[in-house]
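Please read the structure below before turning to the comments.
Rule-based calculations on the coordinates, nothing more; no lab input. Being a predicted model, the structure only gives us computed values, none of them experimental. In this analysis, Cβ positions are derived from the backbone assuming ideal geometry, glycine residues included, and neighbour counts consider all displayed protein chains.
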Amino acid sequence: MQLSAIPNNHPLSFPLALFALGCCVSLFPGSIKRIAIAEPLEKHRSRSRRNTRHRISILRGLHQNAYSLLLYALWTLVNTFLYSAAAVVLDTIATIVVFRRLDLRLIVIAPAVLGIIVGKAIEFRRLLNQLDKYDQSTEALESELNRLDAPDSLSEVLG
């Protein structure tokens, strides 16, 4: 019997693997909590702060500025077409690599392109709604930013 065949055929291999995993979890609970909970939470909080600040700056830049709003709308439209074109090119390349030929029936890019277009439209509609209710939107975003900037009790999570 080869050594590589033992884990597949031995009846105790799965329980032993679970036992080893349990030992690791019980020996290093603080490190596991920090790696699995605290660091992802801090990365998420940092990304949320950055996105909220960016959203506030966009709203302030576009508020009562028709020229900037027009440029932003055109920029969003151009980006949507560029992302859609990139998706079509990548799908065509993937089809050629996988199937070794270019067959238009194999290219199933329409859902991805539709998703890109609809996603950009929803994002732009959200921006227009926030511009329509500028005072409430900026107030809500600033309170969200204050909540994200406030120190919270990650030490309770790490316990």
Exercise. Do the sum for the chain: with -39,500 (n - 2.57) for every DSSP H run of n ≥ 4, divided by all residues, what is the mean residue ellipticity at 222 nm, to the nearest 500 deg cm²/dmol?
Worked result: -26000 deg cm²/dmol
For this session: Just round it to a whole percent: the fraction of Cα-Cα distances in the chain exceeding 27 Å.
Result: 60 percent
For this session: Compare LEU102, LEU131, LEU69 in a GNM of the chain, Cα atoms joined below 10 Å, and give the one with the largest fluctuation.
Result: LEU102
Exercise. Using the Kyte-Doolittle scale, which helices in the chain average at least 0.5 and also have C-alpha atoms spread 24 Å or more along the helix axis, with helices defined as whole DSSP H runs?
Worked result: 66-99, 110-132
Exercise. So, by mean Cβ neighbours within 10 angstrom, what's the order for 31-42, 136-147 with the highest one leading?
Worked result: 136-147, 31-42
Exercise. What does the charge count near ARG47 come to, summing +1 for each Lys or Arg and -1 for each Asp or Glu among other residues with Cβ under 15 Å from its Cβ?
Worked result: +3
Problem set entry | Convex hull projection area averaged over all views, the range 36-107, Cα basis, nm² | 8.3 nm²
Problem set entry | Under 27 Å from the Cα of LYS33 - lysines, other chains or at least 8 residues apart | LYS43
